[in-house]
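Undergrad: Sharing a structure, written as structure tokens. Questions coming.
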Amino acid sequence: MLGEVDVAMIVNRWIHLAAVIVAVGGTVFLRLVLQQTAGRTLSADQHDALRAAVIGRWARVLHVCIALILLTGGYNLYIMIGRHPGQPLYHALLGIKILLALTLFFLAIAITGRNLAFAKLRQNRAAWLLVNIALAGVIVLISNVLKSIPTGP
């Protein structure tokens, strides 16, 4: 029996997961498909022009995804923290997940932005995209562990 259905939580998680899928999927595509293909088939000037156009558009999509992830993640935090009182493992893993997500967001914004302070990061965009892909994998792993921890003390 399903019991009482929490529609708000279902919608919130759907939006959260959709934003994560777009953000991580887009990052994987950029790094493993587009960047590799463009690097092999385009001249340096064409590759630079394509990179600028794609990153310009991708940054807007990514920023919307990050905003949605933060908003829905905040709601998830508010709901789930109350369901896991007195569970130090849950709280520690959740804290690690949040710190890793904030690190991922910082790197994503830094490597897609135009701020001169992060120009050195953008010079090695390929490596930082891989770091973000790895961070996303760890965050998803922690999320699954958190989901498996029973509610209550």
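The values are calculated or read from the model by the stated rules, or taken from the named source; none is laboratory data. Everything numeric in this text was worked out from a predicted model, so none of it was measured. Cβ atoms come from the backbone with ideal geometry, glycine included; neighbour counts cover every protein chain shown.
Undergrad: Quick one: which of Gly113, Gly73, Gly25, Gly86 is exposed (fewer than 13 other Cβ atoms within 10 Å of the Cβ), on the phi < 0 side of the Ramachandran plot and not basic (Lys, Arg)?
TA: On the way: Gly113 fails: exposed (fewer than 13 other Cβ atoms within 10 Å of the Cβ); Gly73 fails: exposed (fewer than 13 other Cβ atoms within 10 Å of the Cβ); Gly86 fails: on the phi < 0 side of the Ramachandran plot.
Result: Gly25 is the single residue among Gly113, Gly73, Gly25, Gly86 that is exposed (fewer than 13 other Cβ atoms within 10 Å of the Cβ), on the phi < 0 side of the Ramachandran plot and not basic (Lys, Arg).
Undergrad: I'd like to check something: does segment 138-153 contain any residue that is over 30 Å from His47 (Cβ atoms), in contact with a Lys or Arg (Cβ under 6 Å, 6 or more places away or on another chain), surrounded by fewer than 16 Cβ atoms within 10 Å (Cβ to Cβ) and of a type in the set (Val, Ile, Thr)?
TA: Our first condition is that a residue be over 30 Å from His47 (Cβ atoms); within segment 138-153, this holds for 138-153.
Still in the list and also in contact with a Lys or Arg (Cβ under 6 Å, 6 or more places away or on another chain): 139, 142, 151.
Now restrict to residues that are surrounded by fewer than 16 Cβ atoms within 10 Å (Cβ to Cβ): 151.
After this cut, where a residue has to be of a type in the set (Val, Ile, Thr) as well, the list is 151.
Among the residues of segment 138-153, at least one is over 30 Å from His47 (Cβ atoms), in contact with a Lys or Arg (Cβ under 6 Å, 6 or more places away or on another chain), surrounded by fewer than 16 Cβ atoms within 10 Å (Cβ to Cβ) and of a type in the set (Val, Ile, Thr), which makes the answer yes.
Undergrad: Right, something else. Tell me which residues, restricted to segment 115-139, are under 20 Å from Gly73 (Cβ atoms) and without any contact (Cβ under 8 Å) to a residue 24 or more places away in the chain. Full working, then the answer.
TA: Going through segment 115-139, the residues under 20 Å from Gly73 (Cβ atoms) turn out to be 132-139.
Listed by number, the residues that qualify are Ala134, Gly137.
Undergrad: Then there's this: Would you check if Thr72 is over 24 Å from Val11 (Cα atoms), at pLDDT 95 or above, hydroxyl-bearing (Ser, Thr, Tyr) and part of a helix (DSSP H, G or I)?
TA: Working: over 24 Å from Val11 (Cα atoms): no; at pLDDT 95 or above: yes; hydroxyl-bearing (Ser, Thr, Tyr): yes; part of a helix (DSSP H, G or I): yes.
Here the answer is no, as Thr72 does not meet what is asked.
Undergrad: Any residue that is crowded, with 17+ Cβ neighbours inside 10 Å, under 15 Å from Ile111 (Cβ atoms) and of a type outside the set (D, E, K, R) - is there at least one of those in segment 37-52?
TA: no
Undergrad: Scan segment 33-57 residue by residue and report those that are outside any helix (DSSP H, G or I) and among the hydrophobic types (A, V, I, L, M, F, W, C). Talk me through it step by step, then tell me what you get.
TA: Kept after step one, since they are outside any helix (DSSP H, G or I), are these residues of segment 33-57: 42-43.
Once the filter is applied, which keeps residues that are outside any helix (DSSP H, G or I) and among the hydrophobic types (A, V, I, L, M, F, W, C), segment 33-57 yields only Leu42.
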